[in-house]
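Data block below; observations after.
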Amino acid sequence: MYYISKRMEISGSHRLELSYPSKCENIHGHNWIVTVYCKARTLNADGMVCDFKHVKEKIHGVLDHKHINDILPFNPTAENIARWVVEQIPECYKAEVQESEGNVAMYVVDEDI
Ligand SMILES: Nc1nc2c(c(=O)[nH]1)N=C([C@H](O)[C@H](O)COP(=O)(O)OP(=O)(O)OP(=O)(O)O)CN2
């Protein structure tokens, strides 16, 4: 199995819809660190799992310098963003979304399902 990872910094803003009072309901900014993990049993015709550049275009190209609530059709928690990242790239099996130092969410495809 071949593995690659691509790490990107995404600057943007969001607000969360929460069931309890929180400062996070106000529009605020993050420099999210997103790490995308991909794998493939065989390499493509170009000798890659997938092109780092294409991964960046699909994630950074869509989210960077945006108000994330305007782009994604769900509450943009780090967990939901991580799942969305995995869904954008066929070879992706895991994504990490770091909101701030110490606050990280991950989504991993469950291969048993
Ligand atoms: N499980 C999650 N919890 C929280 C999320 C999230 O996406 N998933 N998001 C937020 C807000 O975006 C908020 O902006 C995070 O605030 P931050 O100051 O980074 O975190 P803390 O309040 O925990 O402060 P620290 O000083 O970093 O401890 C909130 N929760």
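Ordering Tyr37, Tyr93 by the number of other Cβ atoms within 10 Å of each residue's own Cβ, fewest first, gives Tyr93, Tyr37. Net charge of the neighbourhood of Gln88, taken over other residues with C-beta under 11 Å away and scored Lys/Arg +1, Asp/Glu -1, is -1. Taking Lys and Arg as +1 and Asp and Glu as -1, the other residues whose beta-carbon sits under 13 Å from that of Tyr107 total -2.
Candidates His30, Phe52, Thr42 compared by Cα position along the dipole of the stretch 1-104: farthest toward the positive end lies Thr42, with charges placed on Cβ.
For the chain, the longest principal axis of the alpha carbon atoms and the long axis of helix 52-63 meet at an angle near 20°. Against the chain, whose longest principal axis is taken from its Cα atoms, helix 78-88 shows a tilt of about 30°.
Only Lys, Arg, Asp and Glu carry charge here, each on its Cβ (+1 for the first two, -1 for the last two); on that basis the chain has a dipole of about 220 debye about its Cα centre. Gain on full extension, evaluated as 0.36 nm per residue between Met1 and His28 minus their Cα-Cα distance, stands at 5.7 nm.
Quick note: the coordinates plus some simple rules give every number you see, no bench work behind them. Fair warning: this is a prediction, and the values are worked out from it, not measured in the lab. Counting neighbours? That spans all protein chains shown, and the Cβs are built from the backbone with ideal geometry, glycine included.
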